[in-house]
Structure formats: C-alpha cells, structure tokens
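**Student:** First, the structure itself, so that you have it in front of you.
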Amino acid sequence: MSEDDAGALSGLRVLDVATLFAGPLAATMLGDFGAEVIKIEHPRGDPVRGHGASKNGVGLWGKVVGRNKKSVTLYLGSPEGQEIFRRMVADADVVIENFRPGTLERWGLGYDELSRINPGVVLTRVTGFGQFGPYASRPGFGTLAEAMSGFAAITGEPGGPPTLPPFGLADGIAALTTAFAVMTALRERDRSGRGQVVDLAIIEPILTLLGAQPTVYDQLGELQERTGNRSANNAPRNTYRTRDGRWVAISTSSQSIAERVMRLVGRPEFIDEPWFASGSERAKHADELDEAVAVWIAEREGDEVVAAFEEAQAAVAPIYDVRDVLADPQFAALDSITTVDDDELGPLRMQNVLFRLGRTPGRITSAGPSLGQHTAEVLARYGVDEAELARLREQGKV
C-alpha cells in the first residue's frame, strides 16, 4: 500500500470507549480517513447494536457506526480490564469516552494517569453537559440538547408545540465537532508533543449552529418564534405541493433569486414593492408571496416545476424520502450512498465518507464488526496470550 493509499490519518490509533452516537460517530469519521479505531465494548456490547432496525438479529445501526473499527470486549470496571487498558493507552493517540464525569477517575483511568502513561494522548470526553457545572453529573442525550439549546423552541408550526427532530441531530452535530476537536488537539501536539483533554458538551455545538439568537436577544430583546417552514429572514421560503401530489422546497435567501422566482410564477409586480428589496421585509409579506408561488406550483407536475425553476436559475429541490435519495443521479455521481461487503449480511448500502480528498481519500473497508470480533487479535499485541484470554472470558471480563 502506498503512502497515499494508506489514508490521511493512517498511523493514528484511536481507542473508542464511548457508547451510542456522538462519541462513537466521531471515531467513525476518523476511521473513515485511515485512523485505526479500536472499539472497546463492555462484554454485553455497545447499546447501539440493539438500537433500531435489525436483520437476522444483526443491528443495522451498529453496521454503520461501527464501520472501519475493530471490536474488542473489555470490562473496564475490573482491575484486569483497567490494567489491559493502560497498556493499550501507552501507544494510542486518542481516547474517546462518554462516561459520566468522574467514572474514569474512579477506575484509576483519569487524565492524570493516562498522561503519565502516555504524555501525548488526547483524552476526548463527550458528555451531555460537560465535565463541570451544576448539570455535569446528569445523564445526557441528544434529545436533551435539542430541547435545552433552543432548537425545539423555534421548530414547529406557529401556535403548535415545540418539535424535536426524528433522528439524532444534536448527537450528529456533536460528533462532527468532536472529530474537529480531536484534530485540533493533535495539531497542537505536533508542536508541543503533549496531549490534552477535550471537553465537549453535546448541548453546545447545536447551540452554536442556531446562529445569532443570543446576540439578537442581548442587543434587541427579541425572541425567535416558531414559523413552521417559513423563515424570518426571507420569503418566499416554504414547501409547496405540486399537481401530482409531490412536494418541493424553495429558498430565496438572495435578492436575485427572489426576483427570479416572482418573474417565473408570473407575479413580477411584487418586485417593485418597496418592501421586496429586503429579505426580512419580504418575510412580513409571506402570506402574499406564498400564495402566489403555491398557486403556480399546484397547477404543474413536480418534474415540470423543478425543470422550470432550474431554467430560471431559481433555487428549488424536490422533497425526498430515502427511496428518492437512493435513486437520485447526483447522489449516485458522488457515490454518497455506497455499497459495503459485510461478513454477516453480505452487500449493504450506507452513507459514504463525509468529503472527498483529492490525494488521500477516505474509504470504508468494512462495516461494523461482530461483538468482540478482534479481541484476540488486538489484545495479543498487549501481551494477553490465549490462556489469559480464556480465563478473562470465563470471568466475563472480555
């Protein structure tokens, strides 16, 4: 394998001792670009293996989140597991964990101990509320972050209840941020030779992505209200139903696009209105603009609408479900959904790596492994022979 083929993060070793989504997904992203990710699971397995849909008793979420990883079972709550983990940390670059604050310290595996063993290790701690503060000891999940960040408060129809996303939004945002945080800490290590602690609270990345709300409230005392699919910053912006029962979404975030849309739907007179020159002012006239766009779209088939918007260089997209994603030519051209051969399930499709690098692209070499599939292989590196492994298995510690 050439240096280019090895992956941009080849040579990095990551110990993933986190569970479910945010921490493990961050490790997945590192593994996609060549890092060796050793997934250390309780002998019962990461709960992600039993989350959601399964086929033939094999969890499908685990196949995605566990891709490009080696699975090792090890009970860190036991002295034997702790000793083996210390050996593993000695040549690791990154540890990703999401135990409640104080758990690693109670096991004698806090940062002081890990950095004594390996001064260059980056200990990445992903928890709901961070390592300190009045909520630090609470159990934390993405749903709580979606609620407390302000996301749910602004999501939903006017006058309706706050709305939570039907997928792990906060966890996914936290995973992306964690991967960035790890690479930032490793870049600093290149200069100093020293690792450090990354403290990531799941409540914070989603708060950052909500934009200027805190600043707006601080300076103007204004609260953002729920507006459904509409925006307080521009109009028309909504979902619209076509004559054949399909749905499309349009955006007019730029002034030129807004003007093109109104010309396309046969209502150019709106462009001359004084309020039309500002997105926030257009939003105050959303009822009028939405009606004009909705009537025009409702008279046409979905394909006709999309084609007309594209010809007018106006921003439109059909609203897809996963069947449409799998059939779309743009996603196909990008290989956004790729096929991975799996030992347990055969060929299966999943999202590809997040981005393309021209010289050292990421790749998926394997779907998530079976529980403990690599325990013997990996622990042999750290002096665990067959006899000790058999004894640990009999005791339920691996």
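**Student:** Based on DSSP H runs of at least 4 residues, each adding -39500 (n - 2.57), what is the mean residue ellipticity at 222 nm of the chain after dividing by all its residues, to the nearest 500 deg cm²/dmol?
**Tutor:** Working: 17 runs with 150 residues, N = 398.
For the chain, the value works out to -10500 deg cm²/dmol.
**Student:** Same structure, new question: So what is log10(I(q)/I(0)) for the range 312-370 at q = 0.19, 0.23, 0.31 1/Å, when the Debye sum runs over its Cα atoms only?
**Tutor:** Debye curve over Cα of the range 312-370, log10 I(q)/I(0) at q = 0.19, 0.23, 0.31 Å⁻¹: -0.84, -1.03, -1.25.
**Student:** Sticking with this one: Can you pull the percent of the chain's accessible area that's carbon plus sulfur, 1.4 Å probe, other chains left in place? Can you show the working numbers first?
**Tutor:** On the way: 10670 of 20410 Å².
In the chain, the share of accessible area belonging to carbon and sulfur is 52 percent.
**Student:** May I pose another question? Rule-of-thumb check for the range 26-99: C-alpha Rg over 2.2 N^0.38 Å? Mind dumping the intermediate values first?
**Tutor:** Details: Rg = 13.3 Å, N = 74, 2.2 N^0.38 = 11.3 Å.
Compactness ratio reported: 1.17.
**Student:** Mind checking the angle between helix 302-311 and the chain's longest principal axis? C-alpha axes, 0 to 90 degrees, to the nearest 10.
**Tutor:** So the helix axis and the longest Cα principal axis differ by about 80 degrees.
**Student:** Then there is this: In a GNM of the chain with a 10 Å cut-off on Cα contacts, which of Val122, Val197, Val37 has the highest mean-square fluctuation?
**Tutor:** Val197
**Student:** Averaging sequence separations of C-alpha pairs under 8 Å and six or more residues apart, then dividing by the length of the chain, give the relative contact order as a whole percent.
**Tutor:** Details: 706 pairs, mean separation 77.2, N = 398.
That works out to 19 percent.
**Student:** When only alpha-carbon atoms count, how far does the range 237-318 stretch along each of its three principal axes, as whole angstroms with the largest first?
**Tutor:** Over the range 237-318, Cα extents along the principal axes are 35, 23, 19 Å.
**Student:** Rounded to the nearest 0.05, what FRET efficiency do Leu223 and Glu269 have when you use their Cβ-Cβ distance and R0 = 45 Å? Mind dumping the intermediate values first?
**Tutor:** Numbers: r = 34 Å, r/R0 = 0.75.
Efficiency computed from Cβ-Cβ geometry: 0.85.
**Student:** Between beta-carbons, use under 14 Å as the cut-off and find the net charge around Ala185, counting Lys and Arg +1, Asp and Glu -1. Numbers along the way, then the final one.
**Tutor:** Working: positive: Arg125, Arg187, Arg189, Arg191, Arg194; negative: Asp93, Glu188, Asp190, Asp199.
After counting each charged neighbour, the total is +1.
**Student:** For the chain, with a Gaussian network of springs between Cα atoms less than 10 Å apart, report the residue from Glu310, Glu41, Glu146 with the top mean-square fluctuation.
**Tutor:** Greatest mean-square fluctuation among the candidates belongs to Glu310.
**Student:** How large is the accessible surface of Lys55 in square angstrom, using a 1.4 angstrom probe and rounding to the nearest 10?
**Tutor:** Surface accessible to solvent at Lys55 totals approximately 110 Å².
**Student:** Could you tell me which chymotrypsin sites (Phe, Trp or Tyr not before Pro) in the range 104-184 are loop residues by DSSP with no more than 14 other beta carbons within 10 angstrom of their beta carbon?
**Tutor:** Here the sparse-neighbourhood loop sites are Phe132, Phe167.
**Student:** Arrange the residues Arg282, Arg87, Arg349 by how much accessible surface each exposes, largest first, with a 1.4 angstrom probe. Provide the component values of the computation, followed by the final result.
**Tutor:** Working: Arg282 5, Arg87 70, Arg349 135 Å².
Heavy-atom accessible area, descending, gives Arg349, Arg87, Arg282.
**Student:** Also, quick follow-up: For Ser149, what is the net charge nearby, where nearby means another residue's Cβ is under 14 Å from its Cβ and Lys, Arg count +1, Asp, Glu -1?
**Tutor:** On the way: positive: none; negative: Glu146, Asp171, Glu204.
Computed value for this residue: -3.
**Student:** Under unit Cβ charges (Lys, Arg +1; Asp, Glu -1), what dipole magnitude, rounded to 20 debye, does the chain have relative to its Cα centre?
**Tutor:** Working: 41 positive and 55 negative charges, 210 e Å.
Roughly 1020 debye for the chain.
**Student:** Further question: Compute for the range 45-198: radius of gyration divided by Kirkwood radius, i.e. Rg/Rh, restricted to C-alpha atoms, rounded to two decimals. Show your work: numbers first, answer last.
**Tutor:** Values: Rg = 18.1 Å, Rh = 17.8 Å.
Over the Cα atoms of the range 45-198, Rg/Rh equals 1.01.
**Student:** With labels modelled as points extended 7 Å from the Cα through the Cβ direction, what inter-label distance (nm, one decimal) is found for Thr163 paired with Arg381?
**Tutor:** Distance between the two pseudo-spin positions: 4.6 nm.
**Student:** Modelled label-to-label distance, Asn56 and Asp244, 7 Å Cα→beta-carbon offset: nm?
**Tutor:** 3.8 nm
**Student:** Using 7 Å Cα-to-Cβ label points, what is the Glu83/Leu357 separation (nm, one decimal)?
**Tutor:** Here the modelled spin labels are 3.9 nm apart.
**Student:** Looking only at Cα atoms, what is the convex hull volume of the chain per residue, in Å³?
**Tutor:** Working: hull volume 74.6 nm³, N = 398.
Given the Cα convex hull of the chain, per-residue volume reads 187 Å³.
**Student:** I've got another one for you. Quick one: Karplus J couplings for the range 79-93, per residue in order, coefficients 6.51, -1.76, 1.60, θ = phi - 60°, nearest Hz, x for Gly and Pro?
**Tutor:** x, 5, x, 5, 5, 5, 4, 4, 5, 5, 5, 4, 10, 9, 9
**Student:** Right, something else. Set the Förster radius R0 to 51 Å, insert the Cβ-Cβ distance between Arg393 and Ser336 as r into 1/(1 + (r/R0)^6), and round the FRET efficiency to 0.05. The partial results should precede the final answer.
**Tutor:** Numbers: r = 41 Å, r/R0 = 0.80.
Calculated transfer efficiency: 0.80.
**Student:** Counting just the Cα atoms, what span does the range 133-219 cover along each of its three principal axes? Round to the nearest Å and put the largest first.
**Tutor:** Sorted largest first, the three principal extents are 55, 32, 26 Å.
The values are calculated or read from the model by the stated rules, or taken from the named source; none is laboratory data. These numbers were taken from a predicted model, which means no experiment stands behind them. Don't worry about glycine lacking a Cβ; one is built from the backbone with ideal geometry, like all the others, and counts go over all protein chains shown. Calculation scope for accessible area: heavy atoms of the full protein, side chains included, ligands and nucleic acids excluded. Shrake-Rupley method; radii C 1.70, N 1.55, O 1.52, S 1.80 Å.
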